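> Handing you this structure, nothing more for now.
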Amino acid sequence: MSEKNKIGAKVKLVRENRKLSIDDVSERTNLSKEMIASIEDGSLVPNLTPLIKIARVLGVRLGTFMDDDENLGPVVSRAADKKEVTRFSDRGNAVNSDLDFYTLAKDKAGRHMDPFVIDIFPSSEEEIKTSTHEGEEFIYVLEGEVEIIYGKDTYELKAGDSIYYESIVAHHVHSHGENPAKILAVVYTPA
């Protein structure tokens, strides 16, 4: 899980194509210059919140950072195809991944939803840092158990359970107990 974060190269490419400096992005996102530089050079495994902020400032979807070639027609993801993983952390400044994202529609142009299969690994972190962003999320538990903190409420979900929520409310998704979990997540973030 300590593989270097690959998403940073895409962030840097989009930022440079928009002719914005790290200072510009820092000012517009309220993220530190150090955090943005660490995301771009791959030394930091970010959580989704800073990436969503960066995507909004750059005028792109979150999924743009995970896309390859875009296709206007339907996109089929085959189970037999090699899955490329994008690693995230649910902690503020992590060098290791808690979440492995497998995008299911990376080649779909103009999409409004980002579907993922996510492997969630147990974390030894005591402090849980919630995130908020515009949009909605749908989660279906495929394997294991997850705990979702949503506002002041906590939900425990097992395989076969699902939840749909507004992501503007502070939330956090993590494995419940000491075993990993696997979920299907569909994230909608307005452009």
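The values are calculated or read from the model by the stated rules, or taken from the named source; none is laboratory data. From a predicted model like this one, the values you see are computed outputs, not experimental measurements. Cβ sites come from the backbone with ideal geometry, for glycine too, and all protein chains shown count toward neighbours.
> Identify the residue in the range 138-147 that is closer than 15 Å to LEU99 by Cβ and touching an Asp or Glu at 6+ places or on another chain (Cβ under 8 Å) and, among all such residues, is surrounded by the most Cβ atoms within 10 Å (Cβ to Cβ).
Result: VAL146.
> Where residues in the range 96-133 are exposed (fewer than 15 other Cβ atoms within 10 Å of the Cβ) and in contact (Cβ under 8 Å) with a residue 60 or more places away in the chain, which of them is farthest from PRO190 (Cα to Cα)?
Among residues in the range 96-133 that are exposed (fewer than 15 other Cβ atoms within 10 Å of the Cβ) and in contact (Cβ under 8 Å) with a residue 60 or more places away in the chain, the one farthest from PRO190 (Cα to Cα) is ASN96.
> State all residues of the range 53-62 that are β-branched (Val, Ile, Thr) and either at pLDDT below 90 or assigned by TED's automatic domain parsing to the domain that holds THR132 (or both); if no residue qualifies, say none.
VAL60, the sole residue that qualifies.
> Does the range 171-181 include one or more residues that are surrounded by 17 or more Cβ atoms within 10 Å (Cβ to Cβ) and part of a loop (DSSP other than H, G, I, E, B)?
Initial filter on the range 171-181 (surrounded by 17 or more Cβ atoms within 10 Å (Cβ to Cβ)): 171, 173-176, 181.
Adding the requirement that they be part of a loop (DSSP other than H, G, I, E, B) leaves 176.
The answer is yes; a qualifying residue exists.
> Does GLY160 meet the test of being of a type in the set (Gly, Ala, Ser), part of a loop (DSSP other than H, G, I, E, B) and loosely packed, with under 12 Cβ neighbours inside 10 Å?
Criteria met by GLY160.
> So, of the residues in the range 17-52 that are in a helix (DSSP H, G or I) and modelled with pLDDT under 90, which turns out to be farthest from the chain's Cα centre (by Cα)?
First pass over the range 17-52, keeping only residues in a helix (DSSP H, G or I): 17, 22-29, 33-41, 48-52.
This time we only want the ones that are modelled with pLDDT under 90, so: 17, 48-52.
On the way: ASN17: 22, LEU48: 4, THR49: 8, PRO50: 9, LEU51: 8, ILE52: 8 Å.
Out of the qualifying residues, it is ASN17.
> Do you know which residues across the range 86-118 are modelled with pLDDT of 85 or more and in contact with a Leu (Cβ under 7 Å, 6 or more places away or on another chain)?
Within the range 86-118, ASP114, PRO115, PHE116, VAL117, ILE118 qualify.
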